[in-house]
Amino acid sequence: MSEAPAEAPETAKPSRRPLWMIVVALLLAALALWGASRLTWFAEFRDGGVRGTVLYRETGEQRATALVPLALLALAGVAGVIATGGWARRVLGVVLALAGVAAVWSGVSGVKFSGWADGLPVTQMLLGRGLAVLGGILVAAGGLAAVKGAGAARLGARYAAPATRKKARDPDAELWEALSEGEDPTDVRGRHSE
């Protein structure tokens, strides 16, 4: 029985799967953060004077103003991860991971799980914060995966010029090129004939 020869590491093509997993994670994170910014995060009954008791609401965008910018950062991270590689992708990954931590923090800070008055949209409030936490986790995971996958394939890598190699040239063509350039191809010292 013979084993199949392993492909040399320098000739192995980087896989595109990690890149697209990062892209999907960042797109889902941006969607979750944007959705969390639209849901109610805080509600209470307040005295409305003549109108009586009214329900006062604040959305995630009002309560945690960083949600929409973090969603936009996740979208920009998609373009950055696709277009960059190497150390630039690592730096971008660290920035995305820190943004993910910030999004998680905005989702968990100030949350309470009990003591709600009857009639408040508790499900929507907890769902909004949960989406922010989920979005933050996805941004952080995408960022950490970008740090780890800095050598993964990138957009346009297929079209990068290969390393310059000396091609075996036709000796007759070399002679004619030398004559065209005004050189003596028979001169072994490489000097021009006068």
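The values are calculated or read from the model by the stated rules, or taken from the named source; none is laboratory data. These numbers come from a predicted model, not from an experiment. Don't worry about glycine lacking a Cβ; one is built from the backbone with ideal geometry, like all the others, and counts go over all protein chains shown.
Observations
- Any hit, segment 105-127, residues being within 21 Å of K148 (Cβ to Cβ) and part of a helix (DSSP H, G or I): no
- Residue in segment 166-178 that is under 30 Å from Q62 (Cβ atoms), within 39 Å of the chain's Cα centre (by Cα) and at pLDDT below 90 present: no
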